[in-house]
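Any read-out appearing in this document is the output of simple, stated calculations on the displayed coordinates, not a laboratory observation. Quick caveat, the model's predicted, so the values are computed rather than measured. Note that each Cβ is placed from the backbone with ideal geometry, even for glycine, and that neighbours are counted across all protein chains shown.
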There are 2 protein chains.
Amino acid sequence: MSARATDERSGAHSTHRAVPREKALTRQAEDYLKVIYEIEQGGSPAATTDIAEQLGIAAASVSGMLQRLARLGLVKVERYRGARLSASGRLIALQLIRRHRIIESFLVTKLGYGWDDVHEEAERLEHAASADLVDRMADALGNPTADPHGAPIPTVAGRVDERRLASIADLPVGARARVVRMSDRDPELLRYLKKRGIVPGAILRLVEREPFDGPISLTVGRAKQSIGATAAAAVYVEKSARTDR
Amino acid sequence: MSARATDERSGAHSTHRAVPREKALTRQAEDYLKVIYEIEQGGSPAATTDIAEQLGIAAASVSGMLQRLARLGLVKVERYRGARLSASGRLIALQLIRRHRIIESFLVTKLGYGWDDVHEEAERLEHAASADLVDRMADALGNPTADPHGAPIPTVAGRVDERRLASIADLPVGARARVVRMSDRDPELLRYLKKRGIVPGAILRLVEREPFDGPISLTVGRAKQSIGATAAAAVYVEKSARTDR
DNA sequence: ACAATAAGTTAGTACGCACTAACTTATTTC
DNA sequence: GAAATAAGTTAGTGCGTACTAACTTATTGT
């Protein structure tokens, strides 16, 4: 069993500690770190409102939590300017993302989940799975480097390919590209794209783009498709003059 | 992501509800239900102190939680007398136990965990795994009816063999018995017993018992062992005149 | 440049779930 | 059966994490 919630999280046990010893974070704190990481990948510090929106909570709640995370040394907050992860916060975020992606891979490969339907389950499990379990899953999968959506899996040490990929929405007309990766957020959207052959590995060519976020025409294999701007922005690609492998 | 803690647990959404609609319980509430179930298996209502001890928290905390669980219709509390699960509380407890045991089985069979070392991991995962995931695990295992420690796995509907088994400590001198099941609580103890050949399925015979909780001598296969009362109480057996199967 | 709007923060509240201290009820023992 | 002990409850507190309302700071548009 072993319950006990609040107090075993504080962890004041050593004689002195320069850096506050972060033993175990709450689910919530972990989620904050993850979304801050993801927002920061966009280039700028994570704004309160953006965090709030990602988490589906009120902005006021975020202000409070950011202060606590700052106290824990996990983020650096500049008032009215947003938050950035500290080195330790970043590590935690990356470990969570590692967990998430390995779990997704495992569920798809070993338990028959669809890759369009796995996000939510992983979202809960990533907070409950031990590092050991995640490593075992990774081993069972042959230590993959990307998850079913094409997202790179960070190493235990927190190393990961952070190159920013272009999305279909960024592609110039006429370009040929390979789908590398897609957002795992919205199962509906993923199913929609899958039905149209837009999956990691697919080769496509952008045929035409209407202005004002209008429909984007492209060929996938030899089928012609037309998708909207939101869908296009969720598909990350790599330009390829020639089909490599 | 999706955080939001307190409020999505209340679940007042329908026009009217005779029975309070229990949407999702907290981890803690679930743990309470589980230990109440287990204590109740002993025959009498779960006493506050017993619950507190199992959960490693103060008795006062239990009093409070019992009132909340009673408000939710999950337990019936008689003041100063202890708590019993209601039908719905019992169902939830059994589903948790189902999760726990399937997860343990999965970890052992599919991920190479030792059966002596799996309890803690399952303890966390059982609160995070969806019913769907658990069913998939069960399928992948061929829908086993007992976990690696020999404990029966409840069905989705909450049916389970609740016969009370005798432990080695209850066995009369000279009796021959088959180990059916052992407590999964203490990994140390399990390793100790495993090393002595005392595992589910083993056949043993009680040779001698010293009084005052003294050592119990028994043969396991053709080896002779002597174990203490605590260890003996953790091993559940079924008497067998003749070795069946 | 300054008003309008957007973004962010503080203050006050609530609930979950733990704690300790003090009190009450049950049980045991002489 | 009364005193001693054990078990259980209430009261008050603290922390995490959410909320709304009211206020402050930044940004934007004319």
- Given label points at 7 Å from Cα along Cα→Cβ, what nm distances, shortest first, separate A:TYR192 from the same residue in every other copy? 6.1
- Item | Exposed-site-free run, longest, chain B (rule: chymotrypsin sites (Phe, Trp or Tyr not before Pro); DSSP loop; at most 15 other C-beta within 10 Å) | B:81-211
- Task: Stick to the Cα atoms of chain B, pair each with every other, and give me the Kirkwood hydrodynamic radius in Å at one decimal.
- Result: 19.8
- Item | Pseudo-label separations to other copies for B:GLU38 - Cα-to-Cβ vector, 7 Å, nm | 3.6
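Given 25 °C and 0.890 mPa s, how large is the Stokes-Einstein diffusion coefficient of region B:166-239 in µm²/s, with Rh as the Kirkwood radius over Cα pairs?
In µm²/s, the coefficient rounds to 208.
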- Item | Label geometry 7 Å along the beta-carbon vector: A:GLY158 inter-copy distances in nm | 4.5
- Item | Sum of -39500 (n - 2.57) over DSSP H runs of 4+, divided by residues of chain B (222 nm, nearest 500) | -12000 deg cm²/dmol
- For chain B, the helices passing both cut-offs (Cα extent along own axis of 30 Å or more, Kyte-Doolittle mean at least -0.5, full DSSP H runs) are B:87-111
- Under a point spin-label approximation (7 Å from Cα along Cα-to-Cβ), what is the A:GLN67-B:LYS194 distance to one decimal in nm? 4.9
- Message: Would region B:22-85 count as rounded, prolate or oblate if I go by the C-alpha gyration tensor, calling it rounded below 1.5 in a/c and otherwise prolate when a/b exceeds b/c, oblate otherwise?
- Response: rounded
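Compute the whole-percent fraction of alpha carbon pairs in region A:96-164 spaced more than 19 Å apart.
On the way: 525 of 2346 pairs.
Here the tail beyond 19 Å accounts for 22 percent of pairs.
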- Message: Less than 24 Å apart at the alpha-carbon level, and either on another chain or at least 8 residues along: which lysines does that give for B:LYS110?
- Response: A:LYS110, B:LYS194, B:LYS195
- Note on the structure: Straight-line reach check, B:LYS34, cutoff 21 Å on alpha carbons, 8 or more apart in-chain or any other chain, hits among lysines -> B:LYS23, B:LYS76
- Item | Percent of C-alpha pairs per 5 Å bin, region B:56-99, short to long | 6, 23, 25, 23, 18, 5, 0
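Tally Lys/Arg at +1 and Asp/Glu at -1 over every other residue whose Cβ is under 13 Å from the Cβ of B:LEU111; what's the total?
On the way: positive: A:LYS110, A:ARG136, B:LYS110; negative: A:ASP132, A:ASP135, A:ASP139, B:GLU104, B:ASP117, B:GLU121.
Combined, the nearby Lys, Arg, Asp and Glu give -3.
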- Task: Give me the distance between the Cα centres of region A:170-210 and region B:62-113, rounded to whole Å.
- Result: 46
- Hydrodynamic radius (Kirkwood) for the protein assembly as shown, which is based on Cα pairs only, to one decimal in Å: 26.0
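Within region A:80-149, which trypsin sites (Lys or Arg not before Pro) sit in a loop by DSSP and count at most 11 neighbouring Cβ atoms inside 10 Å?
On the way: sites: A:ARG81, A:ARG84, A:ARG90, A:ARG98, A:ARG99, A:ARG101, A:LYS110, A:ARG124, A:ARG136; in loops: A:ARG81.
Answer in residue order: A:ARG81.
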